[in-house]
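The values are calculated or read from the model by the stated rules, or taken from the named source; none is laboratory data. Nothing here was measured: the structure is a model prediction, and the numbers come from that model. Positions of Cβ are backbone-derived with ideal geometry, glycine not excepted, and every protein chain shown enters the neighbour counts. In case anyone asks, the SASA skips ligands and DNA or RNA and just uses the protein heavy atoms, side chains included. Shrake-Rupley method; radii C 1.70, N 1.55, O 1.52, S 1.80 Å.
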2 protein chains.
Amino acid sequence: MLQLTQVRCFVAVAEECHFGRAAARLNMTQPPLSRQVQLLEHELGVELLERTSRSVRLTQAGTVFLPEARRLLRSTEDAVQAARRAGRGALGQIAIGFTPSNSYDFLPRLISALRADYPDVELMLEEMITRDQLAALASHRIDLAFMRPPFEAAGIRSRRVLAERMVAALPADHPLAARDALTPADLEGQELIMYSILGSGYFHDIVHRLLVSANIRPRLVHHLTQIHAVLSMVKTGVGMALIPESASRLGIGNVICRPLAFGEEIAVELFMAHRADDASLVLENVMAVAAKIAETGRPSTPSIP
Amino acid sequence: MLQLTQVRCFVAVAEECHFGRAAARLNMTQPPLSRQVQLLEHELGVELLERTSRSVRLTQAGTVFLPEARRLLRSTEDAVQAARRAGRGALGQIAIGFTPSNSYDFLPRLISALRADYPDVELMLEEMITRDQLAALASHRIDLAFMRPPFEAAGIRSRRVLAERMVAALPADHPLAARDALTPADLEGQELIMYSILGSGYFHDIVHRLLVSANIRPRLVHHLTQIHAVLSMVKTGVGMALIPESASRLGIGNVICRPLAFGEEIAVELFMAHRADDASLVLENVMAVAAKIAETGRPSTPSIP
DNA sequence: ATGGATTGAGACAGGATTGGTATCGATGCT
DNA sequence: AGCATCGATACCAATCCTGTCTCAATCCAT
């Protein structure tokens, strides 16, 4: 069978037009080099070089074969490099699931960081709710899930990547917009836009716990799922809303965010989860980047924009 | 260094997902196959297969490497085939020189025959006169020349490919167009369009010898180089002309060709010439096709269209 | 013209590599 | 629990590859 060493030998001789120099370049002596080229020619059944005992010249067949041979060696090197990079987890693909609310801040930052650090890792992104992500992990539909607590599933390992406070989103002309932070008394009786218990159960529960912990009963209006829909409501003056601090960076005009002076213990948490038996280095690298972003990306305590 | 056998082994195992079956497919036993794959993995520094002693699965790196490996094997096969075809003279390139008058009939037939028999031989065609072709052969500018006698040059080998009669080209309404063949007496005193002694010296000489041999003195008008220009003159009724029989197939309307009843010994000859030391198989094949065309292509004796 | 230098090929020995046989350890199924 | 299957390992024989030495052919210089 054709040997790559033979091809390498031929290319060297063809480029040097001299067996001795080619042998030196290949760190070998001339006789075995001659033999390798002979073997190649015999294998092909074609004379590639015309030896005149004083000079070496390519035959027509050699002229045809030389670029093919070069391409072959280059392809080989490429294949080796690809395998090595894949082995390091710098090349490959990963399917990532994420909850809708992550698409506003965390996910874009993760994606751009991955593009920078691992440009050859192909990302397949899929928006789904926490419960679906657990099933998708188990069925290998996704390899990594960014989701909300609580969850529990066998064979799934998870770690918290983000914890942030809820902030109040107010119309710019709202009286409370002048305050630095809002107290429970501020919210009492206010029009508060609420999350749907079905589509956004996690945020529904967070807000509910916040209200209960502070023992306040605002007037709850609407029940929406998407945070940007909630913010649109706020913008048009329907009322105020409680949103995760990161969502305040959505940059919707006419909306002012203010921290809450209560319920510090109630945080919005984001977990990433993967199959416990998944030893993929791509996964490992992606999770490392996600962890790095979570640490250094933005402060997780509320800030006043 | 990376071995193609290792790549082949890996592809077989990856496709079968089973060392035993892969070994059978490769006509070898399982242990050395395992070893080859291990060597490949060690060479790459990457684990390509995940062996669970009950099943074999590709790792992510293996998934990346498999298509690369397949491509590599395919490229190898392609390179081998290309070299073999080049060795047979079925792949390569050849530069061919030809005289202007060959472009009308012989060259088109040669080209189409070559396209059919040797589709991967690249033709580089260049029109030039006989004297220039000898120089171009010597300087390797062309490899094969189709040209007119007489010529002589050291290191050039030639053979005659065509010999054809001259025929008379007449306007369709010419009185002589009714004849089957023209005698010397028919031509006496006729308006005869002549070739330039400079640009078409060969045809000038042929016509001159024909007239001398038959001892006729027509009225010579014009001195043109290109046969199609001559025929245009004939078409518009300027006079008659003597043209090589093959040129009568140019298919110019309003022109009738008639054989000559004299000067049988004076033929238009076409030679092909090449460097005597050129051992190219492409050249050999092209010359064989040219010879075949010359023999079987068309009758070389005048015929009445 | 003739001797020296250079070039590629051939002969041969030693060592590495490859493929085969026998066997082991692990895992899944009955 | 025992058997079958599968991949890995150990070991051996054959082959192949490489390096040294050498030769034939050619070119160049004297």
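Before moving on, here are some points about what is shown:
- Residues being open to solvent by 50 Å² or more (accessible area, probe 1.4 Å) and in contact with a Gly (Cβ under 8 Å, 6 or more places away or on another chain) are represented in region A:161-176 by at least one member.
- Those residues of region A:64-106 which are within 12 Å of the chain's Cα centre (by Cα) and more than 10 Å from chain B (Cβ to nearest Cβ), in sequence order: A:Ala90, A:Ala95, A:Ile96, A:Gly97, A:Phe98, A:Phe106
- Being in a helix (DSSP H, G or I) and open to solvent by less than 10 Å² (accessible area, probe 1.4 Å) is not true of B:Val212.
- The set of residues in region A:112-136 being among the small types (Gly, Ala, Ser) and within 14 Å of the chain's Cα centre (by Cα) consists of A:Ser112, A:Ala113, A:Ala116.
- The set of residues in region B:30-48 that are within 12 Å of chain A (Cβ to nearest Cβ) and either in contact with a Lys or Arg (Cβ under 9 Å, 6 or more places away or on another chain) or among the polar types (S, T, N, Q) (or both) comprises B:Leu44, B:Gly45, B:Val46.
- Counting the residues of region A:47-59 that are within 51 Å of the chain's Cα centre (by Cα) and either open to solvent by 90 Å² or more (accessible area, probe 1.4 Å) or within 24 Å of B:Leu72 (Cα to Cα) (or both) gives 1.
- Any chance A:Val64 is among the hydrophobic types (A, V, I, L, M, F, W, C), more than 10 Å from DNA strand C (Cβ to nearest atom), within 23 Å of B:Leu4 (Cα to Cα) and at pLDDT below 90: yes
- Wholly enclosed helices (runs of 4 or more DSSP H) of region B:1-108 bearing at least 1 residues among the aliphatic types (A, V, I, L, M) and within 12 Å of DNA strand D (Cβ to nearest atom): B:4-16, B:19-25, B:30-44
- Residue within region A:69-85 that is within 16 Å of DNA strand C (Cβ to nearest atom) and over 30 Å from A:Leu144 (Cα atoms) present: yes
- Of everything in region B:229-245 that is crowded, with 17+ Cβ neighbours inside 10 Å and within 31 Å of the chain's Cα centre (by Cα), the residue that is farthest from B:Ile193 (Cα to Cα) is B:Glu245.
- Residues that are small (Gly, Ala, Ser), open to solvent by less than 40 Å² (accessible area, probe 1.4 Å) and modelled with pLDDT of 90 or more, drawn from region B:246-292: B:Ala267, B:Ala273, B:Ala290, B:Ala291
- So B:Arg109, is it within 8 Å of chain A (Cβ to nearest Cβ) and either at pLDDT 90 or above or under 24 Å from the mean Cα position of the chain (by Cα) (or both): no
- Evaluation of A:Val13 against (1) away from DNA strand C (no atom under 11 Å from the Cβ); (2) touching a strand residue (DSSP E or B) at 6+ places or on another chain (Cβ under 7 Å) (one fails), failing number: (1)
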